[in-house]
Structure formats: C-alpha cells, structure tokens
1. I want to check the label-to-label distance for residue 277 and residue 15. Put each point 7 Å from Cα in the C-beta direction and report it in nm to one decimal.
2. Rounded to the nearest 10 degrees, what's the angle between the helix 145-159 long axis and the longest principal axis of the chain, both from Cα atoms, 0 to 90?
3. Could you give the angle, 0 to 90 degrees to the nearest 10, between helix 186-195's Cα long axis and the longest principal axis of the Cα atoms of the chain?
4. For volume of the Cα convex hull per residue in Å³, pick the label among [x] 137; [y] 409; [z] 297 that corresponds to the value derived from the coordinates.
5. With a 10 Å Cβ neighbour count serving as the proxy for reagent exposure, in which order, fewest first, do 255, 140, 314 appear?
6. Relative to the present Cα-Cα distance, how much length would full extension add between residue 30 and residue 378 at 0.36 nm per residue of separation?
7. What order do you get for 200, 135 when you list them from fewest to most C-beta neighbours inside 10 Å?
8. Could I have the simple spin-label model distance between residue 4 and residue 190, label points 7 Å from Cα toward Cβ, reported in nm to one decimal?
C-alpha cells in the first residue's frame with residue numbers, strides 16, 4: 001500500500017507513517033539514563049587497576065572509601081578489569097593417534113560394601129586416550145603401587161595396545177617431583193620399561209596439563225553415579241563397564257565424532273603388547289609360621305599347614321591371592337577388600353586339626369636307662385673318704 005493509503009486507513013499523518021517505516025522496531029518510551037553512583041569514582045578505580053590489575057574489589061572499595069552498595073561496585077570492577085589484565089590465551093592441544101593417554105585416580109563420593117560389614121570408597125583408575133577420547137576405568141582395592149600397576153595392566157590389555165606416553169600427576173605410587181625434577185618410583189620405572197613407553201609427570205598444582213582425564217572424572221561423577229547403588233566392588237565394576245560401553249559410543253563435541261569411531265586408528269598407532277607380561281601386583285616371599293597364615297595388605301590368608309617352616313611365595317592381583325611352595329600351589333583365596341580380616345580355607349583348617357590331633361595322641365618315645373654313680377664315689381674322688389669308706393682325717 002502506498003504511504004497516502006496507509007495514512008488514510010489509519011487516520012494518521014503521512015510523516016508519521018514515513019517515520020514508522022524507517023524505524024527498526026516499534027516505537028517505545030526510553031527514559032534518559034541518570035548514570036550510576038560508581039561513575040564518580042571510576043577514575044580512581046582505573047588508577048588502581050593500572051598498577052594492580054588483580055586487586056580484589058573489596059580492597060578497591062577500601063582504598064577509595066566506598067560506603068555504598070558493593071554489588072554495583074563489583075559489577076563495574078568486573079567490566080574494567082579485563083582492560084588492564086594481560087591476555088592469557090589457553091592453547092588448544094591436538095593429539096596424534098596412539099601418542100598419549102592421561103591417567104588419574106577418581107574417588108567416587110559413594111560408599112561401597114567391602115564385605116564383613118565394612119564400607120569404603122576405593123579409588124577408580126581412569127585412563128583416557130588423547131586422540132580417540134576413549135575412556136577406560138576400573139575400581140581397584142588400594143592406591144598402592146602393586147594395585148595401581150595391576151589395574152593399569154588390566155586396562156591396557158582391554159585396549160589391546162599400549163599408548164606411547166602415559167601422563168600422570170604426582171601420585172605417590174607413580175613418583176614425585178623432587179629438586180625441580182620428576183622421579184618415578186622403582187616399580188613404575190620397571191613397568192614402563194617392560195612396556196617400552198614413557199611416563200610424564202605433570203608439575204604440582206597443574207590440573208590443566210591433564211584436562212582430558214579431569215573432565216572424564218567429572219563426567220563419571222555427574223552421569224554414571226546418579227541413581228545407582230552398589231552391592232560390592234565387583235558390582236561397581238560391572239555397572240561401570242556397561243556404562244562405559246555406551247559412553248564411548250556417544251557423540252563427543254570436541255572431536256565431532258564418537259570415540260569408538262577413532263579407536264581403531266588410535267590402537268593401530270600404539271605400541272604392541274609385550275610378549276612377556278610385566279610383573280604387577282603383590283609379590284612376597286617368607287617362611288610359613290606355625291599358625292600357617294600370611295599377611296597381605298592388612299589381611300591374613302591361610303596356607304596349607306603341610307608346608308609350615310618352608311619358604312613360600314605369595315602373589316596377588318586385583319582378584320585373587322595365591323601361595324606356592326617349590327612350584328606347587330598351596331593356597332588360593334579371593335582378594336578381600338575389607339581390612340583386618342582373617343581368611344581361612346576350610347580344608348586348611350581341617351588339616352591343621354588333624355595334625356594337632358596326631359601330636360596329642362602319639363606316645364612319647366621310651367626313655368633310655370642311664371647308670372647313676374653313687375655319692376660315695378664323689379666323696380672318694382675329692383679325698384673326703386678313703387678306699388674303705390672311712391672319713392679321712
């Protein structure tokens with residue numbers, strides 16, 4: 001419609017129609033701004049930020065003698081502070097296939113039954129591959145070096161290959177920064193040497209260096225835990241494996257695909273599994289005492305009493321505890337996750353009862369008669385009596 005027709009239709013002037021057509025939106029009333037109470041002290045705020053761009057807003061309020069609302073002051077400081085802070089861009093890291101995997105221990109905030117009426121929060125070993133973002137995880141009994149390396153080997157075997165580099169923080173079972181340099185533990189050095197890989201320790205207080213696994217820990221806590229309950233560590237690992245199967249098939253926003261889509265290329269570029277498995281888990285050697293029990297990680301496990309006094313070797317992984325003597329298996333128990341428990345095999349207890357019964361029913365050997373000298377013989381030898389037995393004067 002022409003402007004004249006619109007004006008006639010609406011009963012308004014043509015200039016009013018022209019202004020309405022030229023405007024970007026409908027007309028509205030806008031009150032003129034009266035400014036802010038912070039405008040009067042903005043120059044003082046700027047002077048302080050020039051010299052101390054990190055100065056807190058509360059300190060700025062004290063320096064300028066601010067006695068009004070802190071909300072409006074903090075809002076203005078929040079607007080002005082980026083103008084005086086030096087730029088601190090975050091670098092985006094890209095990963096090549098098979099290059100690196102980040103590792104960490106996640107302590108889920110949920111109590112898990114450990115058996116024998118005990119509850120606890122065992123650690124979960126989490127490993128995230130840099131290229132594919134594939135998440136692997138497993139709950140382990142303790143954060144000690146034997147259990148941590150045994151859990152590592154389980155995750156690596158599931159993956160089917162070994163990432164060329166493992167990134168860790170300053171976990172005590174892995175190593176510590178001392179004198180400005182990272183120092184791996186003897187066990188971790190042997191583990192990485194048998195696999196032919198590197199282990200990089202991040203500097204202390206540097207969580208951004210392993211952001212992949214930190215985000216995976218948060219993902220587990222917000223997406224896996226809610227609405228779940230667990231009856232044992234085995235139940236926890238079973239539910240975790242089922243959930244990870246689905247999680248690794250979901251679309252990852254950063255790589256714009258699913259982790260499973262990149263897994264084949266990632267594994268193909270990794271180091272092959274060694275022909276001989278590394279020694280992981282618990283290894284001890286001792287002579288079996290009379291009570292036929294050996295202690296492993298705060299628990300006592302029974303051993304066949306027939307090898308009392310002999311040298312035995314105890315090995316344990318995440319699931320079982322075994323004892324051998326001269327190459328023969330003399331004990332096998334399920335790993336106990338509770339603490340301060342005594343684990344006894346029924347057959348070991350029965351054999352011990354039989355051996356004790358034999359000791360009590362066996363007759364002692366007959367005593368051999370020994371000739372005893374007469375006391376007078378000693379008197380004669382010391383010259384107290386003569387040959388006739390008379391007292392010598």
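Derivation of every value follows stated rules applied to the coordinates shown; laboratory data play no part. What you see is a predicted model; the values in this text were computed from it and never measured. Positions of Cβ are backbone-derived with ideal geometry, glycine not excepted, and every protein chain shown enters the neighbour counts.
1. Between residue 277 and residue 15, the simple spin-label model gives 9.4 nm.
2. Between helix and principal axis, roughly 60 degrees.
3. Taking the Cα atoms of the chain, the angle to 186-195 is about 70 degrees.
4. Comparing each candidate, only [y] matches the computed number.
5. So the residues, fewest neighbours to most, are 255, 314, 140.
6. So the extension gain works out to 111.8 nm.
7. Exposure proxy ranking, most exposed first: 200, 135.
8. 10.3 nm
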